[in-house]
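Since the structure comes first, as structure tokens, the remarks are kept for the end.
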Amino acid sequence: MSLWILDTDTTSLLLRGNPNVSRQVQSVGADVAISIVTAQELFNGWVVRINNAKNVDDLIQLYDKFSRIINLCKKVPVASFDRNAATELESLLQFHPALAKQRLQKDMRIAAIALANNATLVTCNYRDFSLVPGLSIIDWSI
């Protein structure tokens, strides 16, 4: 069994109904997950939008989109940032200082979760994740 962890960008594409991502998720079925960091990023993004809504109609649409994230988290396993992931992250940052940049902080947590679970990370972000030694990555959006 292979585990596929969707990065935040791919999860966003799935939530928007991207046909390529949707087809791949259906084909692997129960072997797909998102990371707790992706859940955090998605929740944070929608909470900011909801808190800055200009009118009631915007709130209706924003809460509808936010509910899709909640429903996804009920259906798809959420991979934790546990002690194994923490160890992977510490190792990455210690032995590869270039990965310690502030802009990579959440990406490196996601990478650590994937490494700790021997999972393939599904992402459009080859630029950053290809820097992580030993991380298997694939792009389902193309």
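Readers should treat all values here as calculations from the given coordinates under stated rules, not as data from a laboratory. None of the values given here were measured: they were computed from a predicted structure. Ideal geometry is used to build each Cβ from the backbone, glycine not excepted, and the neighbour counts take in all protein chains shown.
3J(HN,Hα) couplings calculated from phi for region 15-23 with the Karplus curve 6.51 cos²θ - 1.76 cosθ + 1.60 (θ = phi - 60°) are, in sequence order, 5, 8, x, 4, x, 5, 5, 4, 5 Hz; Gly and Pro show x. Electrostatic tally near Ala33: other residues with Cβ closer than 14 Å to its Cβ, Lys and Arg +1, Asp and Glu -1, net -1. With K and R counted +1 and D and E -1, the other residues having a Cβ less than 15 Å from that of Asp58 yield a net charge of +1. Remark: C-alpha extents of region 1-80 on the principal axes read 47, 27, 19 Å, sorted largest to smallest.
The angle separating the long axis of helix 36-51 from the principal Cα axis of greatest extent in the chain is about 30 degrees.
Taking the Cα centre as origin and putting +1 on Lys and Arg beta-carbons and -1 on Asp and Glu beta-carbons, what dipole magnitude results for the chain, to the nearest 20 debye?
On the way: 14 positive and 13 negative charges, 48 e Å.
The calculation lands at about 240 debye.
Going 7 Å from the Cα of Lys65 along its beta-carbon direction, which residues of region 11-31 have the amide nitrogen within less than 11 Å of the resulting point? What the label zone holds, given the 11 Å backbone N cut-off, is 16. Near the amide H of Ile137, within less than 5 Å, lie the amide hydrogens of Leu121, all on another chain or at least 5 residues away, with H placed in the peptide plane. Rounded to the nearest whole Hz, the Karplus-based 3J(HN,Hα) values (6.51 cos²θ - 1.76 cosθ + 1.60, θ = phi - 60°) of region 118-126 follow the sequence 6, 9, 8, 8, 9, 8, 8, 8, 5, with x at glycine and proline. Database remark: amide H of Leu6 closer than 5 angstrom to the amide H of Ala33, Ile34, Ser35, Val122 (H placed geometrically; neighbours at sequence offset of 5 or more, or on other chains; Pro and chain starts carry no H). Per-residue ellipticity at 222 nm computed for the chain from its helices equals -18000 deg cm²/dmol, with DSSP H segments shorter than 4 residues left out and the rest contributing -39,500 (n - 2.57). Charge tally around Ala111: other residues with Cβ under 12 Å, Lys/Arg +1 each, Asp/Glu -1 each, net -2.
Across the alpha-carbon set of the chain, the Rg to Rh ratio works out to 0.99, Rh being the Kirkwood radius.
With contacts defined as alpha carbon pairs under 8 Å and 6 or more residues apart, what's the relative contact order of region 27-116 in percent?
Values: 66 pairs, mean separation 34.0, N = 90.
In percent, rounded to a whole number, it is 38.
Summarised as an ellipsoid, region 71-138 has semi-axes of 20, 14, 11 Å, derived from the eigenvalues of the Cα gyration tensor scaled by 5 and square-rooted, with the largest first. Modelled spin-label separation between Val56 and Tyr126, with each label point placed 7 Å from Cα along the Cα-to-Cβ direction: 4.9 nm. For a quick check, take a GNM of the chain with Cα springs below 10 Å and name the residue from Thr11, Thr87, Thr38 with the largest mean-square fluctuation. Fluctuation is largest for Thr87.
Centre-to-centre separation between the Cα atoms of region 102-142 and those of region 21-50: 14 Å.
In terms of distances greater than 29 angstrom between alpha carbons, the cross-link table entries Lys74/Lys106; Lys65/Lys106; Lys54/Lys101 yield Lys54/Lys101.
Working note: Karplus 6.51/-1.76/1.60 with θ = phi - 60° gives region 75-82 the couplings 8, 10, x, 10, 6, 7, 8, 9 Hz, where Gly and Pro are set to x. Within the listed set Ala119, Ala85, Ala53, the residue fluctuating most in the Gaussian network model of the chain (springs between alpha-carbon atoms under 10 angstrom) is Ala53.
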